[in-house]
Amino acid sequence: MADIATQKKLATLMRYHILSSTTKAGSGHPTSSLSGVELMVALLFGRSGTGEPFFRYRLQDPSFPNNDRLIFSKGHASPLFYATWAAAGGLDWKEMQTYRQFDSPLEGHPTRRFRYTEAATGSLGQGLSIGVGMAINGKYLDALPYRTFVLLGDSEMAEGSQWEAIQLAAHYGLHNLVGIIDVNRLGQRGETMYGWDIDAYVDRVESFGWQAVPVEDGQDVEQVAAAYETILAIRDRPLMIVAHTTKGAGVSDVANKNGWHGKPLPWDEFEKAVAEMGGVPDPFTLELAEPEALHPPKREDGEAKPLHYEKGEEVATRSGYGNALQRLAPAMPNLVALDAEVSNSTRAEYIKKVAEDRFFEMYIAEQNMVGAALGLQLRGRTPCVSTFAAFMERAYDQVRMSRYSDAKLLFAGSHAGVSIGQDGPSQMALEDIAYFRTILDSAVLYPSDAVSAERLVEEALKYEGISYLRTTRAKTPVLYANDEQFPLGGSKVLRQSNDDKTTIVAAGITLHEALAAADVLAERGVSVRVIDLYSVKPIDAGTLTIAARETGSIITVEDHSASGGIGEAVMAAIAADPCPVHVLAVHKKPRSGKPAELMAFEGIDKEAIIEVVMRIAG
């Protein structure tokens, strides 16, 4: 147990390395880090009056299930994050001097390249949502007593995603979640919304159902430790520590002074600061308390039932998604489903028929839903995240950042495109394919019937990365046999002859329009090739290139904007051996109407396809 004098000595050592690493790097956020030093020292190395530690962690086993978790939502305070783990012996103090170097895991904002990073952070307003997911896992799934701690900046408390997380944490009674707001008053360009009014934060947080504990002097380890003692007694709600701190604390030339955000001290100022703290401190470390040797309960794997569709049967692909969750859940004990209060439409609620404890209602708060899904996945779960495809776009930043945590997540967006009908343009996702295609190493999947929907869920759940499944509202005929397989990066050629005048490439709702058009054209003596591009990314460049060579042209048909959609994906795939590509897509501002009316209006229905084919065929 470290006494107060030792903790203060450690705080000075951490300050030195925060300053030296950023000054050497010539960049970073030292002042934002200095304000939170005592908050971390008291958390990791402080104890209650009875000697009970606040934080427990197996340093040599970061993945141990019962470790407490520490997330820096204010990821720009990474020098503090690394100094905290150096103080615990997680890295040598000398390694701090590699900060922000190309080959160093000590990046400008924490990523999973550093072994003690729970999740990549730095885009503000996301850490608490990730903590919600980890806390849900601990309380409801693993049944372990570990706690999740999240360091928050006062500036990022203006983000709506924070209040989505705060609201949901209270709803689920996450007593194992602790937020720590570092109220240092100064943001990037001046004072924050509430400055040092810590009561403003306390009142707001408590109004959501949390317990909040103010700390008048966040640079006093004894005061901070006294606030942390509340952790040990709380049993029914999440806890927020609200600490009055000083930006740049410990360095008089920059403390509480505007204009130093994101700026390292120049060498002369650094040397003055070292002299002020009494010279270069001797390095030492302190031990972390051990967590209890507890593990989550073992779940027995069951069996997934076979598919049972009849060809020609009318089933919406969104129902295929729900059926897949219900069918696969017994065989995948880590599978969980999260939905944004539309599970009766996305069909995610089907999982509740077999595993009600693995469905989590996230309400209409999509940013928090994605962050919480990441937290669950980082604790060993396999999350399936669903809402209307149009609303998934609200969480683009969370999806983008989850990639930098090496996330394995399945996103399912339903009600895509103008074919949803009378609900009108606010509900019509027309950008979602483009949006998910931009995510590094993502898979973008677009089933056309219930069989392909279920099989693509299976493929997505095996995929080591982010996958997106685009489902359709309307019922469509089952095209495939129950044993048909749909490997990622593949496609299906559904019509083909030696006399094909062109190739029609489609997916989802427009594939059925393409097949109907092909039947009419065949009656007129015009044969066309039809390809089901169920895997938009990765794409089947080989099959497309062969079709381009053999038929001389391609028509793409999609219920999506032309920008970033199937047409552009196809053109990129055949760029080395190009042919004319005619893109039928949503080009006009849609309106309410019947699905058939809207698809005709946008020129993506059977008649529009026939017209283009006849023009090509002469």
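Entry remark, the range 566-583: residues being surrounded by fewer than 24 Cβ atoms within 10 Å (Cβ to Cβ) and closer than 24 Å to M614 by Cβ number 9 in total. The sole residue among F411, F391 that is aromatic (F, W, Y), at pLDDT 95 or above and crowded, with 24+ Cβ neighbours inside 10 Å is F411.
Screening E356 with (1) without any contact (Cβ under 8 Å) to a residue 12 or more places away in the chain; (2) acidic (D, E); (3) closer than 19 Å to G127 by Cα gives one miss only, at (3).
Look at G51 and say whether it is assigned to a loop (DSSP other than H, G, I, E, B), small (G, A, S) and closer than 19 Å to Y228 by Cβ. For G51, the condition - assigned to a loop (DSSP other than H, G, I, E, B), small (G, A, S) and closer than 19 Å to Y228 by Cβ - is met.
Can we say D268 is in a loop (DSSP other than H, G, I, E, B), of a type in the set (D, E) and modelled with pLDDT of 95 or more? It is false that D268 is in a loop (DSSP other than H, G, I, E, B), of a type in the set (D, E) and modelled with pLDDT of 95 or more. Going by the conditions given, is A514 more than 13 Å from I574 (Cα to Cα), assigned to a helix (DSSP H, G or I) and of a type in the set (A, V, I, L, M, F, W, C)? It is true that A514 is more than 13 Å from I574 (Cα to Cα), assigned to a helix (DSSP H, G or I) and of a type in the set (A, V, I, L, M, F, W, C). Does A120 qualify as being among the aliphatic types (A, V, I, L, M), closer than 21 Å to R400 by Cα, surrounded by 20 or more Cβ atoms within 10 Å (Cβ to Cβ) and at pLDDT 95 or above? So A120 fits the description; yes.
Answer yes if at least one residue in the range 286-297 is of a type in the set (A, V, I, L, M), more than 24 Å from the chain's Cα centre (by Cα) and not in a loop (DSSP other than H, G, I, E, B), and no otherwise. Within the range 286-297 (the criterion being of a type in the set (A, V, I, L, M), more than 24 Å from the chain's Cα centre (by Cα) and not in a loop (DSSP other than H, G, I, E, B)), the answer is yes, since at least one residue qualifies. Where strands (runs of 3 or more DSSP E) fall entirely within the range 333-430, those with at least 1 residues that are of a type in the set (G, A, S) and at negative phi are at 335-339, 382-388, 409-414.
Out of I130, I136, I181, one residue alone is assigned to a helix (DSSP H, G or I) and farther than 16 Å from Q398 by Cα. It is I136.
I'd like the full set of residues that are within 17 Å of V613 (Cα to Cα) and among the basic types (K, R), limited to the range 525-548.
R529
Of all the criteria given as (1) surrounded by 20 or more Cβ atoms within 10 Å (Cβ to Cβ); (2) touching a helix residue (DSSP H, G or I) at 6+ places or on another chain (Cβ under 9 Å), the one not satisfied by A547 is (2). Residues that are among the aliphatic types (A, V, I, L, M) and either surrounded by fewer than 24 Cβ atoms within 10 Å (Cβ to Cβ) or farther than 29 Å from P297 by Cα (or both) within the range 143-164 comprise A143, L144, L151, L152, M157, A158, listed in sequence order. Before we move on, is S561 hydroxyl-bearing (S, T, Y), closer than 20 Å to L430 by Cα and surrounded by fewer than 24 Cβ atoms within 10 Å (Cβ to Cβ)? Here the answer is yes, as S561 does meet what is asked. Taking the range 47-90 as the range and being touching a Phe, Trp or Tyr at 6+ places or on another chain (Cβ under 6 Å) and farther than 16 Å from Y146 by Cα as the test, the residues that pass are F72, F81, W85, A86, G90.
The values are calculated or read from the model by the stated rules, or taken from the named source; none is laboratory data. Everything numeric here is computed off the predicted structure, so don't read it as measured data. As a convention, Cβ positions derive from the backbone with ideal geometry for all residues, glycine included, and neighbour counts pool all protein chains shown.
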